[in-house]
1. I need the peptides 167-173, 193-199 ranked by packing, meaning the mean over residues of other C-beta atoms within 10 angstrom, with the highest value on top.
2. Can you compute log10 of I(q)/I(0) for segment 51-166 with the Debye formula, treating each Cα as one identical point scatterer, at q = 0.14, 0.18, 0.20, 0.21 Å⁻¹?
3. Just to be sure I understand: if I project the alpha-carbon convex hull of segment 98-212 onto a plane and average over all orientations, what area do I get in nm²?
4. Starting with the highest mean, order 30-36, 109-115 by the number of other Cβ atoms within 10 Å, averaged over the residues of each peptide.
5. How many angstrom separate the Cα center of segment 18-81 from the Cα center of segment 192-212?
6. Counting only Cα atoms, I'd like the Rg/Rh figure for segment 26-107, Kirkwood definition for Rh.
7. Across every pair of different alpha-carbon atoms, what Kirkwood hydrodynamic radius in Å does segment 157-212 reach?
8. Would you list the P(r) distribution for the chain, with all Cα-Cα distances sorted into 5 Å bins from 0 and each bin expressed as a whole %?
């Protein structure tokens, strides 16, 4: 199926993205709500969560994307695959993250990934970047100890800024001071595949939440 045309970049500060969404009854979404949940923030076309859901049936996966037309197509593909451990949702995560995490059962969220976020190069657009101090604080408030945070980008300064914002909060501890040479999840996003094919580096890091 040909992909629909959508804008590559949107302004998350625009008024139409400022309303928090109503999250579904998760027991009606996932066949087994007791499984650990991996939230992929900025999932784009959703191929990464799709492949992860197929490869790891004992996890649930939730892809979050701000470009709404992508979500409808991603959920159609999920249905075609008959997957009951995968869901995609439209949301501005910097507006709706708190309500999302509050809606989930305890002990569910096991991993959060943020991969190749829009760098928003211009300094005046820095507040449009996904990883803001408020997002980190919300995750620190809701996530239980030993939750994994996986970050990666093909731009070192973007990856470093994300790591710095997480490690500024004592709840998050970086697993290694060095960039990871391989993707520990074993499944690459489309952007990662394209980057590696061009022979360019990828900057990856894993952090874990700790009990203070």
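None of the figures in this text is laboratory data; all of them are computed from the coordinates on show. The structure presented is a predicted model; accordingly, all values stated were derived computationally and were not measured. Using ideal geometry, Cβ is built from the backbone for each residue, glycine included, and neighbour counts are taken over all protein chains shown.
1. By packing density, highest mean first, the sequence is 167-173, 193-199.
2. Taking Cα atoms of segment 51-166 as identical point scatterers yields -0.67, -1.10, -1.31, -1.39.
3. 7.8 nm²
4. Top to bottom by mean Cβ count within 10 Å: 109-115, 30-36.
5. If you average the Cα positions of each part, the centres end up 21 Å apart.
6. Across segment 26-107, the Cα-based Rg/Rh ratio is 0.93.
7. The Cα-based Kirkwood calculation yields 12.6 Å.
8. Taking every Cα pair in the chain, the percentages come to 1, 7, 15, 20, 22, 19, 11, 4, 1, 0.
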